[in-house]
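Notes follow once the structure below has been shown.
The values are calculated or read from the model by the stated rules, or taken from the named source; none is laboratory data. Computed from a predicted model, the values in this text were never measured in an experiment. No Cβ is skipped: glycine too gets one built from the backbone with ideal geometry, and neighbour counts run over all protein chains shown. These accessible areas exclude ligands, DNA and RNA; they are computed on the full protein's heavy atoms, side chains included. Shrake-Rupley method; radii C 1.70, N 1.55, O 1.52, S 1.80 Å.
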Amino acid sequence: MHEVHEGCGIFGVYSTKLENVALLTYYGLYALQHRGQESCGIAVSSGDEFHLHKDVGLVQEVLTEKAIDSLGFGYMAVGHVRYGTTGNSSRANAQPLVIKHLKGSMATVHNGNIVNAYQLRQSFEMEGAIFHTTSDTEVISYVITNERIRKPEIEDAVLSAMDTLEGAYSLILMTEDKLLALRDKHGFRPLCYGVTSDGTYIIASESCALNAVDAQFVRDIRPGEIVVFDKNGVHSIETNCNKAEEALCIFEYIYFARPDSVIDGCSVHQARLRAGAFLAKDHPVDADIVVGVPDSGIDGAIGFANACNIPYGVGFIKNKYIGRTFISPVQKMREELLKIKLNPVSSTVSGKRVVLVDDSIVRGTTSARIVKLLRDAGAKEVHLRITAPPFVYPCYYGTDIDSQKNLIACKHTVNEIARIIGVDSLGYLKAEHLPYLADDTGCRKYCTACFTGEYKTNIWGGMHKDYFEAKTPIKTTEEIARQFQHTVKPDG
């Protein structure tokens, strides 16, 4: 797949003593690099002032030893890795975003997407506001600052701002003396915190980043919750908890998160194993070997192989020095990068009927090239199994599937998609299995809007108009459900 882009990864440090918080943040961002590869940055608070370094590029490119040294020691830090879903790729849109106002300074890092950002920005600009970036994070910072000027404490300002902001936002805010971590009322994007052996608190998008700095996981931050870290310790503000239906993005489990992370109490690795097992049950096939597309297709392939007693094999070797192909925003460059990113293992697939497991199909171009790699390596048959339902609706909560015009499932039937990408059969995960991926009880609620069209917020009030310029007819949910009920051979 490798055609879906997610917003960002965020990381924060709060210490009661002066220490190298920038270096801790560097390690944390390295662990979160999979969540964003366009830009990155760190802001450090020494108590009196902020020090900031950010730029376009990967963590190892931007946050050099010299850059880390220039940030100095501090009590707090916030860090960010970005793939922009709103705003272009530039240093200006890199985060953290540091602003100064009448009552002090604030650094913001953000994961998600505000659906009324365009509307809010227009309103502020009509009042004379000047924006320096094209990202919705600046809109968030403006809303909070606008409230902060009128409120006695930053916590009060954030509480008021949460009533204005609509959409997905996991945030870490740093002031001169406090660190705040919060999630929107639905909890679209993950956020958790832990503590090191010496009492330093760590906040991160995923638990794998806590492990990277030897922090013990404490808990996930609840949807709607604000957790404050200051000289008085840690305290929670739950005023906005339980005000909306929980809706963690299900694609965190399917693709975005690292498999060694645990999100909202559920293992990402186990979720992907379950997805593979569901596929084996619903879309069985006579085959000799099961292989997965690195990295997010591997766990699903193992789950598929275990469930149907077909051997699992290593079908591809991934070049470890190239990031996910969406590091390049230009489609042609993505396609060229694939040639040097993945190399098939001929001894695994040659002369065999291969089940290829991947996490999704968006445009279909990358999938077609991966299938061709297997064919060229001697695979006799290729049967593609996808650990997600087909993408048929745009996402407005932090994934850049912003219209239906590039979604292959909106234009073609399963038969046609199979022919286009060159497989002998194609099977998608059924949407009915989504509630059972992360939690086998099926009781928890997730956002599945990109598959089902069931949005958790109002999405029509303030988004950019080009989000809604679909170039192909929009199918009804019933039509889509009928279309993807079963595996169809290319020759129908």
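Taken over segment 356-365, the criterion of being in contact with a helix residue (DSSP H, G or I) (Cβ under 6 Å, 6 or more places away or on another chain) and not charged (D, E, K, R) is satisfied by Val357, Ile361, Gly364.
Show me the strands (runs of 3 or more DSSP E) found entirely inside segment 174-266 where at least 2 residues are more than 26 Å from Leu437 (Cα to Cα).
179-183, 201-204, 226-230, 233-237
All conditions in (1) at pLDDT below 95; (2) surrounded by fewer than 19 Cβ atoms within 10 Å (Cβ to Cβ); (3) touching a helix residue (DSSP H, G or I) at 6+ places or on another chain (Cβ under 8 Å) hold for Tyr321, with the sole exception of (3). Scanning segment 382-397 for residues that are part of a loop (DSSP other than H, G, I, E, B) and either open to solvent by 20 Å² or more (accessible area, probe 1.4 Å) or touching a Ser or Thr at 6+ places or on another chain (Cβ under 6 Å) (or both) turns up Ala388, Tyr393, Pro394.
Mind counting the residues in segment 371-410 that are more than 30 Å from Asn116 (Cβ to Cβ) and either free of Cβ contacts under 8 Å to residues at least 12 places away in the same chain or of a type in the set (D, E, K, R) (or both)? The total comes to 6.
Residue by residue, here is whether (1) in contact (Cβ under 8 Å) with a residue 24 or more places away in the chain; (2) out of contact with any Lys or Arg (no Cβ under 6 Å at 6 or more places or on another chain) holds:
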| site | (1), (2) |
| --- | --- |
| Ser160 | no, yes |
| Tyr169 | yes, yes |
| Ile172 | yes, yes |
| Val195 | no, yes |
| Gln216 | no, yes |
| Ile221 | yes, no |
| Val227 | yes, yes |
| Asp230 | yes, no |
| Val234 | yes, yes |
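Let's see how each residue does on (1) open to solvent by 10 Å² or more (accessible area, probe 1.4 Å); (2) of a type outside the set (Ser, Thr, Tyr); (3) closer than 20 Å to Lys185 by Cα:
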| residue | (1), (2), (3) |
| --- | --- |
| Val228 | no, yes, yes |
| Glu238 | yes, yes, yes |
| Ile250 | no, yes, yes |
| Arg258 | yes, yes, no |
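Regarding segment 152-162, can at least one residue be identified that is of a type outside the set (Lys, Arg), crowded, with 22+ Cβ neighbours inside 10 Å, within 26 Å of Gly265 (Cβ to Cβ) and at pLDDT 95 or above? Yes: segment 152-162 contains one or more residues that are of a type outside the set (Lys, Arg), crowded, with 22+ Cβ neighbours inside 10 Å, within 26 Å of Gly265 (Cβ to Cβ) and at pLDDT 95 or above.
If you check Leu52, Leu18, Leu29, which single one turns out to be within 27 Å of the chain's Cα centre (by Cα), open to solvent by 10 Å² or more (accessible area, probe 1.4 Å) and modelled with pLDDT of 95 or more? Of the residues listed, the single one that is within 27 Å of the chain's Cα centre (by Cα), open to solvent by 10 Å² or more (accessible area, probe 1.4 Å) and modelled with pLDDT of 95 or more is Leu52. Is it the case that Asp214 is open to solvent by 10 Å² or more (accessible area, probe 1.4 Å) and out of contact with any Leu (no Cβ under 8 Å at 6 or more places or on another chain)? Spelling it out, Asp214 is indeed open to solvent by 10 Å² or more (accessible area, probe 1.4 Å) and out of contact with any Leu (no Cβ under 8 Å at 6 or more places or on another chain). Per the listing Ser105, Ser123, the residue uniquely open to solvent by less than 30 Å² (accessible area, probe 1.4 Å) and either touching a strand residue (DSSP E or B) at 6+ places or on another chain (Cβ under 8 Å) or free of Cβ contacts under 8 Å to residues at least 24 places away in the same chain (or both) is Ser105. Please find, within segment 5-15, the residue that is nearest to the chain's Cα centre (by Cα) out of those that are modelled with pLDDT under 95 and buried (at least 24 other Cβ atoms within 10 Å of the Cβ). So the residue we want is Glu6.
Of all the criteria given as (1) in contact with a Lys or Arg (Cβ under 8 Å, 6 or more places away or on another chain); (2) within 21 Å of Ile140 (Cβ to Cβ); (3) touching a residue at least 60 places away in the same chain (Cβ under 8 Å), the one not satisfied by Arg91 is (3). Within segment 336-364, the set of residues being open to solvent by 50 Å² or more (accessible area, probe 1.4 Å), touching a residue at least 40 places away in the same chain (Cβ under 8 Å) and over 22 Å from Ile310 (Cα atoms) comprises just one member, Arg363. With the condition kept exactly as written, say whether any residue in segment 178-194 is over 30 Å from Val293 (Cα atoms), at pLDDT 95 or above, of a type in the set (A, V, I, L, M, F, W, C) and open to solvent by 10 Å² or more (accessible area, probe 1.4 Å). No; the residues of segment 178-194 include none that is over 30 Å from Val293 (Cα atoms), at pLDDT 95 or above, of a type in the set (A, V, I, L, M, F, W, C) and open to solvent by 10 Å² or more (accessible area, probe 1.4 Å).
Looking only at segment 401-444, which residues are open to solvent by 40 Å² or more (accessible area, probe 1.4 Å) and under 18 Å from the mean Cα position of the chain (by Cα)? Hit for segment 401-444 is Asp402, nothing else.
Give Glu138, Glu147 a once-over and let me know the one that is over 16 Å from Leu97 (Cα atoms) and either open to solvent by 10 Å² or more (accessible area, probe 1.4 Å) or not in a loop (DSSP other than H, G, I, E, B) (or both).
Answer to the selection: Glu147.
Selection of segment 281-313 for residues being outside any loop (DSSP other than H, G, I, E, B) and either surrounded by fewer than 20 Cβ atoms within 10 Å (Cβ to Cβ) or over 26 Å from the mean Cα position of the chain (by Cα) (or both) yields Lys281, Asp282, Ile289, Val290, Ile302, Ala305, Asn306, Ala307, Cys308, Tyr312. What pairs come out if I take residues in segment 279-290 that are touching a residue at least 40 places away in the same chain (Cβ under 8 Å) and pair them with residues that are hydroxyl-bearing (Ser, Thr, Tyr) and in a helix (DSSP H, G or I) whose C-beta lies under 8 Å away, six or more apart or interchain? From segment 279-290, the pairs are Ile289/Thr348.
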